[in-house]
Amino acid sequence: MNEKIGSCINYFMGIMSDVMAQNADYLFMIENATKAPSGHNTQPWLFRIGESEIDIYPNFSRELIAVDPRHRELFISLGCATENLCVAAQQKGYRTEVRVTNDSVIRILIAKDENVQTGTSLFPQIAVRQTNRSVYNGKIIPEDSIFQLKSIAVEPSVNVHFYKNGTLDYARIADMIYAGNRLQMNDKAFKTELAEWMRYNKKHQNKTRDGLSYATFGAPNVPLFIAKFVMSKAVNERIQNKGDREKIASSSHFVLFTTKDDTVEQWIALGRTLERLLLRSTKMNIANAYFNQPNEEAGLARDMAKLLQISNEYPTILIRLGYGKQMPYSLRRDYRLCILPTE
């Protein structure tokens, strides 16, 4: 047994040694890439470093089978990580080119370029961006700020739609969220998967450094058995819709991201666009959180697209924007554990 433990330790140390021998700038890029958002904070990415490129692979061992069976949200997360990596590369004076291979690997070509403008305004936001699930203060975002968010670069085949609180379309989207809760909170597989990714107290979150931390929901740090009992009683349609109504009423806008053809390459492109908006909104002290229930239920997604008169688009990511107090941050796993051995 001691020999097996020793062998595992030696193997792990060998991997860490190999990782740390890599280009320090590339490690810096990957570390920032892993600060991207992901469904249930699963962090479903793997990286491989080449001489002049970094490849990002999907880590299907961290898939969400119940809520994301087609891996759409997984690849959107990889797109967010890609954008962070490109922003971090620019910070170090590199230009980047992103390609998606036929086997759905994201290849980022990297080259030093003295003409690249470093010190971008969005780089500092990578470390402080967060998904803020709290109730906001109800203040409406000024039109000039919304205009700034609308001005972000949008990748091809991606559309971004804004809906202001108080409009008919905002109310229609809210109804779709409640309908999504009805479906998901009565789906045993969904609830089981959700429970698997809950991190119920400080000790639990520190052990895994992933998943949905109790702290990000504003819950107290209590013993595990108490937290699990309380959560088992709280995860139901009535309580979820009650909380969501308060959050929706307190928010300023919904932002719906859609794709043209619902393909892997477009999901990745959407993720890059999404992260640009999240970083820009962070710089503007605008909070955000996800309301993806209508997009995750195919029938609701079709109905919502029809109601919003965008039937030729695929509703994919829905967020809310507003102003709220900063919440605790979700933890991240050691980025070095996400780096594959060099070939």
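The values are calculated or read from the model by the stated rules, or taken from the named source; none is laboratory data. Keep in mind that what you see is a predicted model, and the values were worked out from it rather than measured. A quick note on method: Cβ atoms are made from the backbone with ideal geometry, for glycine too, and the neighbour counts reach across all protein chains shown. Quick note on the areas: whole protein, heavy atoms, side chains included, nothing else; ligands and nucleic acids left out. Shrake-Rupley method; radii C 1.70, N 1.55, O 1.52, S 1.80 Å.
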Comparing Gly271, Gly50, Gly243, which has the greatest mean-square fluctuation in the GNM of the chain with Cα pairs linked when under 10 Å apart?
Gly243
Considering only Val160, Phe190, Ser61, whose Cα is most displaced toward the positive end of the charge dipole of the chain, charges sitting on Cβ of Lys, Arg (+1) and Asp, Glu (-1)?
Phe190
Entries of Lys139/Lys306; Lys139/Lys283; Lys207/Lys325; Lys150/Lys242; Lys207/Lys283 with Cα pairs more than 19 Å apart
Lys139/Lys306; Lys207/Lys325; Lys150/Lys242; Lys207/Lys283
Net charge dipole size for region 295-334 [Lys, Arg +1 and Asp, Glu -1 on Cβ; Debye, nearest 20]:
220 debye
Quick check: net charge around Ser157, other residues with Cβ under 15 Å of its Cβ, Lys/Arg +1 and Asp/Glu -1?
-2
P(r), alpha carbons of region 162-225 - 5 Å bins starting at zero, rounded %:
4, 16, 16, 14, 15, 16, 12, 6, 2
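For Trp267, Trp197, give me the order by solvent-accessible area with a 1.4 Å probe, most accessible first, ignoring ligands, DNA and RNA.
From most accessible down to least: Trp197, Trp267.
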Sorted by accessible surface (1.4 Å probe, heavy atoms of the protein chains only), largest first, Phe28, Phe60, Phe75 come out as Phe60, Phe28, Phe75
Let me know the shape class of region 104-255, please: from the alpha-carbon gyration tensor, a ≥ b ≥ c as square roots of the eigenvalues, rounded when a/c is under 1.5, otherwise prolate if a/b is greater than b/c, or oblate.
oblate
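What is the local net charge at Tyr26, summed over the other residues whose Cβ is closer than 11 Å to its Cβ (Lys, Arg +1; Asp, Glu -1)?
Working: positive: Arg48, Lys92; negative: Asp25, Glu31, Glu51, Glu53.
Local net charge: -2.
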Neighbourhood charge, 10 Å Cβ-Cβ cut-off, centred on Arg107 and excluding it, Lys, Arg +1 and Asp, Glu -1
-1
Across all directions of projection, what mean area in square nanometres is found for the Cα convex hull of region 247-294?
4.0 nm²
Place a +1 charge on the Cβ of each Lys and Arg in the chain and a -1 charge on the Cβ of each Asp and Glu, then give the dipole magnitude about the Cα centre in debye, rounded to the nearest 20.
1440 debye
What value does region 280-343 have for Rg/Rh, both radii from Cα atoms and Rh as Kirkwood defines it?
1.16
Once you order the gyration tensor axes a ≥ b ≥ c over the Cα atoms, which shape class does the chain get: rounded for a/c under 1.5, otherwise prolate or oblate by comparing a/b with b/c?
oblate
Given +1 on the Cβ of Lys and Arg, -1 on the Cβ of Asp and Glu, and no further charges, what dipole in debye does region 85-222 carry about its Cα centre, rounded to the nearest 20?
600 debye
In terms of the Cα gyration tensor, with a ≥ b ≥ c the square roots of its eigenvalues, is region 36-106 rounded because a/c is under 1.5, prolate because a/b exceeds b/c, or oblate?
prolate
Just to verify a number: what accessible area does His40 come out at with the full protein assembly present, 1.4 Å probe, Å² rounded to tens?
40 Å²
Could you run the Debye sum over the Cα atoms of region 61-192, one equal point scatterer each and no solvent, and tell me log10 of I(q)/I(0) at q = 0.14, 0.18 Å⁻¹, two decimals?
-1.01, -1.35
Could you name the lysines whose alpha carbon sits less than 19 Å from that of Lys188, not counting residues in the same chain fewer than 8 places away?
Lys228, Lys233
